[in-house]
1. Tell me the residue from 165, 156 that is out of contact with any Pro (no Cβ under 6 Å at 6 or more places or on another chain), part of a helix (DSSP H, G or I) and surrounded by fewer than 19 Cβ atoms within 10 Å (Cβ to Cβ), please.
2. If I filter region 132-148 for residues that are of a type outside the set (A, V, I, L, M, F, W, C), at pLDDT 90 or above and part of a helix (DSSP H, G or I), do I get at least one hit?
3. When you look at residue 67, is it closer than 18 Å to residue 95 by Cβ, surrounded by fewer than 16 Cβ atoms within 10 Å (Cβ to Cβ) and either aromatic (Phe, Trp, Tyr) or without any contact (Cβ under 8 Å) to a residue 60 or more places away in the chain (or both), yes or no?
4. Out of everything in region 70-106 that is in contact (Cβ under 8 Å) with a residue 12 or more places away in the chain and β-branched (Val, Ile, Thr), what residue ends up being surrounded by the fewest Cβ atoms within 10 Å (Cβ to Cβ)?
5. If we scan region 33-40, do we find a residue that is hydrophobic (A, V, I, L, M, F, W, C), surrounded by 12 or more Cβ atoms within 10 Å (Cβ to Cβ) and over 27 Å from residue 147 (Cα atoms)?
6. Among residues belonging to region 12-27 that are part of a helix (DSSP H, G or I) and in contact with a helix residue (DSSP H, G or I) (Cβ under 6 Å, 6 or more places away or on another chain), point out the one that is modelled with the highest pLDDT.
Amino acid sequence: VITLLMFFGGTNFLLISALFAKLTPSIFKDEEFRWYVSIILVFTVVISVALLATGQKSHIEKTFRTVLFQVVAAITTTGFATDNFLSWGPFYWMLFLVMILFCGCEGSTSGGMKISRLIVLSKNSLLVFKRQVHPDALYMVKMNNKVISNDTIAKVIAFVFLYLVLTVFSAAVLSLTGMTFDESISVALSSISNYGFGLGSYGPVGTFESTTEFTKYFLSFLMLVGRLEIFTVLSLFVPGFWKR
């Protein structure tokens, strides 16, 4: 039940309301939702198979259920945990960091960059490759059968760039407070994505109680910036914003 509630929390609320209002026959017609479901299934299967194959887990149904819960919690940035996934090994840490980077759907309660931006980035990268092969051909980035404007693509690229720059900068600041490399990177990304967990001492069984006062204030600021999606906060520092 909790997994299902987290899943809906990471779904576009407009899509859910349209479904209950019977304004659309199937939510699977939405491209972002299809990606959302596919990403959850792929990560769940890959992690479950890897845990079973390496002998870290033995019970198939329990393993799948545990992994599904952790994957949905990560992608929706709910921050729940039923197992200490840090004990699974570095391979799984990297997968969870990727999950909390792009997270759930646009218009949901999830943090992170959102899957819609991942779709635009992926399709634009493919388009650039096609233009290299066929420079005279006309290609357009589409989502839900609608053409994505160049202005929107530019905004997506700018947002992702700023997101990554902020993550690296924040990790550098956190490393000065005594955190290890993996802790600083994971905590910075987790805070900006509003996930909650990091690596090392700040995993599912750890807390941030031992951190300095500066660190707590800094992480609180990162969570606020991440939730407001960066541009909103940056606009506050532009003089022209206050003249409107």
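1. Numbers: 156 fails: surrounded by fewer than 19 Cβ atoms within 10 Å (Cβ to Cβ).
Just one listed residue meets the conditions, 165.
2. no
3. Working: closer than 18 Å to residue 95 by Cβ: yes; surrounded by fewer than 16 Cβ atoms within 10 Å (Cβ to Cβ): no; either aromatic (Phe, Trp, Tyr) or without any contact (Cβ under 8 Å) to a residue 60 or more places away in the chain (or both): yes.
Against the criterion (closer than 18 Å to residue 95 by Cβ, surrounded by fewer than 16 Cβ atoms within 10 Å (Cβ to Cβ) and either aromatic (Phe, Trp, Tyr) or without any contact (Cβ under 8 Å) to a residue 60 or more places away in the chain (or both)), residue 67 does not qualify.
4. Step one: filter region 70-106 for residues in contact (Cβ under 8 Å) with a residue 12 or more places away in the chain, giving 70-86, 88-89, 91-93, 95-97, 99-106.
Still in the running and β-branched (Val, Ile, Thr): 71-72, 75-78, 82, 100.
Working: 71: 26, 72: 24, 75: 28, 76: 30, 77: 26, 78: 24, 82: 14, 100: 26.
Here the residue is 82.
5. First, the residues of region 33-40 that are hydrophobic (A, V, I, L, M, F, W, C): 33, 35, 37, 39-40.
Next cut, surrounded by 12 or more Cβ atoms within 10 Å (Cβ to Cβ) only: 33, 35, 37, 39-40.
Among the residues that remain, those that are also over 27 Å from residue 147 (Cα atoms) are: none.
No, every residue in region 33-40 fails to be hydrophobic (A, V, I, L, M, F, W, C), surrounded by 12 or more Cβ atoms within 10 Å (Cβ to Cβ) and over 27 Å from residue 147 (Cα atoms).
6. First, pick out the residues of region 12-27 that are part of a helix (DSSP H, G or I): 13-20, 27.
Still in the list and also in contact with a helix residue (DSSP H, G or I) (Cβ under 6 Å, 6 or more places away or on another chain): 15, 19, 27.
Working: 15: 86, 19: 77, 27: 79.
Per the criteria, the residue is 15.
One line per residue, one yes/no per condition, for (1) within 15 Å of residue 113 (Cβ to Cβ); (2) of a type in the set (A, V, I, L, M, F, W, C); (3) touching a residue at least 12 places away in the same chain (Cβ under 8 Å):
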site: 162; (1), (2), (3): yes, yes, yes
site: 165; (1), (2), (3): yes, yes, no
site: 194; (1), (2), (3): yes, no, yes
site: 205; (1), (2), (3): no, yes, yes
site: 214; (1), (2), (3): no, yes, yes
site: 219; (1), (2), (3): no, yes, yes
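The values are calculated or read from the model by the stated rules, or taken from the named source; none is laboratory data. Predicted model only: the values in this text are computed from it and were never measured. Every residue, glycine as well, gets a Cβ built from its backbone with ideal geometry; the counts of neighbours run over all protein chains shown.
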